[in-house]
1. Evaluate the stretch 218-237: report whether one residue or more is under 29 Å from Tyr352 (Cβ atoms), part of a strand (DSSP E or B) and of a type in the set (Lys, Arg).
2. Report every pair of residues separated by at least 6 positions or lying on different chains whose Cβ atoms are under 7 Å apart, first residue within the stretch 212-233 and closer than 19 Å to Leu279 by Cβ, second among the small types (Gly, Ala, Ser) and in a loop (DSSP other than H, G, I, E, B).
3. Taking only the stretch 247-274 into account, find how many residues are in contact with a Phe, Trp or Tyr (Cβ under 6 Å, 6 or more places away or on another chain), in a strand (DSSP E or B) and not hydrophobic (A, V, I, L, M, F, W, C).
4. In the stretch 232-246, what residues are within 10 Å of Val205 (Cα to Cα) and among the charged types (D, E, K, R)?
5. Note down all Cβ pairs under 6 Å where the first residue falls in the stretch 83-99 and is outside the structural domain of Leu37 (by TED's automatic domain parsing) and of a type in the set (A, V, I, L, M, F, W, C), the second is at pLDDT below 95 and in a loop (DSSP other than H, G, I, E, B), and they're at least six residues apart or on different chains.
6. Evaluate the stretch 329-337: report whether one residue or more is at pLDDT 95 or above, assigned to a helix (DSSP H, G or I), touching a helix residue (DSSP H, G or I) at 6+ places or on another chain (Cβ under 6 Å) and not assigned by TED's automatic domain parsing to the domain that holds His156.
7. Residues of the stretch 275-311 being among the small types (Gly, Ala, Ser), within 15 Å of Phe200 (Cα to Cα), part of a loop (DSSP other than H, G, I, E, B) and touching a Gly at 6+ places or on another chain (Cβ under 7 Å), which ones?
8. Search the stretch 152-198 for residues being acidic (Asp, Glu) and not in a loop (DSSP other than H, G, I, E, B), and hand back the single one that is modelled with the lowest pLDDT.
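The values are calculated or read from the model by the stated rules, or taken from the named source; none is laboratory data. All values reported here derive from a predicted model rather than from experimental measurement. Here the Cβ is made from the backbone with ideal geometry for all residues, glycine too, and neighbour counts use every protein chain on show.
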Amino acid sequence: MKIAVIGIRGLPANYGGFETCAEHTTKYWAANGHDVLVYCRKSHYKIHLDEVNGVKLKYINSINIKGVDTLTHALFSILNLIFFQSNYKYIHLYNSGNGIFIPLLKLFNKKVIISVDGIEWKREKWGFIAKTIHKIGARMAVKFSNKVITDNKEVHDFYKKEFGKESSVIKYGAKFIEKDKIADKYLRKYNLKSKEYYIFIGRFVQEKGLHHLIKAYQNLNTKKRLVIIGDDTANTPYKNEIFNKGEKDPNIIMPGFLYNDEYEALLSNAYLYVSASELEGTSPSLLAAMGAKVCALVNGIEENLETIQSSAIAFKKLNYNDFLIKWQYCEDNPQFVDEMAMKGYQHVQKNYRWETISQEYIQIFNDLKK
């Protein structure tokens with residue numbers, strides 16, 4: 001089967017959940033004999049590779065301006081596919097906004113599945129035009145794609161209620177991280193000790209609730225430090241506000257975006273993963289924490305509850321007093337934290353394995369042959 005992937009920044013993954021999903025699924029597809037081509041954003045990569053993990057890479061330009069970068073890259077990739085890579089029949093498209101291009105793909109007899117993530121037009125980072133494009137894209141995805149993919153039941157139910165059509169629920173997978181001796185050098189770099197700090201991972205945008213997270217931490221009775229891994233590609237007032245808060249508190253460490261060994265070392269040695277995020281699909285960083293045997297404390301929004309079941313701790317939805325209470329309980333009860341960490345690990349081992357998830361996508365493509 002010849003499969004093309006469009007709508008992500010590219011591979012190797014070094015940004016977000018879509019890229020992580022594409023990296024794992026395409027690796028599995030290629031290893032199982034499929035011909036896979038991933039379109040990458042040329043401006044996002046300094047080094048342009050021919051392939052990674054058996055997956056072919058094609059670098060395409062975009063108009064590198066906020067608000068049009070993603071859409072123009074998708075459009076230019078689709079045009080390249082139609083005119084120069086026309087033998088790729090099966091398309092995995094990412095991002096609800098890119099749904100506006102599905103009729104063009106269908107015009108050239110492509111079989112299209114689209115992963116829509118969460119409900120993008122509710123995200124605070126988007127202005128009116130971007131929110132409108134995402135909503136129109138979602139409607140067109142529902143109408144014209146061969147299959148819409150949602151990553152959890154809450155988003156599935158929203159699409160069914162809003163647009164009147166069933167989607168297929170395919171979860172994100174968890175990254176299983178084991179501690180090793182190499183972690184020591186990264187802990188020393190930030191003057192950290194294993195299990196003596198909390199961690200959050202995510203972009204510095206309003207919906208991630210970092211202002212609530214920092215406020216709760218500063219009211220916590222603890223000697224542990226707080227590590228916040230992340231940043232934002234745009235220079236927004238909110239991003240600057242968060243960095244300013246971190247700079248004023250010597251117990252808060254903000255190393256920016258981290259990847260690979262350094263990221264894994266800091267995550268796997270944390271005492272607790274904490275998040276006040278108010279809008280999620282299935283959170284890749286939450287799954288990664290659970291896969292690293294790190295207990296998680298998260299906002300009790302429906303998407304998080306669907307992800308964790310009873311295998312992590314959720315504070316009452318948007319109740320930041322309860323957040324502080326539960327965080328303090330975790331601080332004071334390390335045995336409970338250890339027990340929940342193992343429970344979370346067993347949960348993702350059972351339900352969030354990339355091999356199974358990758359095969360679910362292939363089954364959908366196979367069904368489109370009929």
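1. The initial filter retains those residues of the stretch 218-237 that are under 29 Å from Tyr352 (Cβ atoms), namely 224-233.
In the following step, the residues that additionally are part of a strand (DSSP E or B) were identified as 225-229.
Subsequent filtering for residues that are of a type in the set (Lys, Arg) retains 225.
Scanning the stretch 218-237, I find at least one residue that is under 29 Å from Tyr352 (Cβ atoms), part of a strand (DSSP E or B) and of a type in the set (Lys, Arg), so the answer is yes.
2. Correct list of pairs: His212/Ala276; Leu213/Ala276; Gly230/Gly202.
3. Total satisfying the criteria: 0.
4. Of everything in the stretch 232-246, those that are within 10 Å of Val205 (Cα to Cα) and among the charged types (D, E, K, R) turn out to be Asp232, Lys239.
5. Between residues of the stretch 83-99 that are outside the structural domain of Leu37 (by TED's automatic domain parsing) and of a type in the set (A, V, I, L, M, F, W, C) and residues that are at pLDDT below 95 and in a loop (DSSP other than H, G, I, E, B), there is no close pair.
6. Step one: list which residues in the stretch 329-337 are at pLDDT 95 or above, which gives 329-337.
Then keep just the ones that are assigned to a helix (DSSP H, G or I); that gives 329-332, 334-337.
Pick out the ones that are also touching a helix residue (DSSP H, G or I) at 6+ places or on another chain (Cβ under 6 Å) and you get 330, 337.
Within this subset, residues satisfying the condition of being not assigned by TED's automatic domain parsing to the domain that holds His156 are 330, 337.
Yes.
7. Within the stretch 275-311, Ala276, Ser277 meet the criteria.
8. Applying the filter and picking the extreme gives Glu154.
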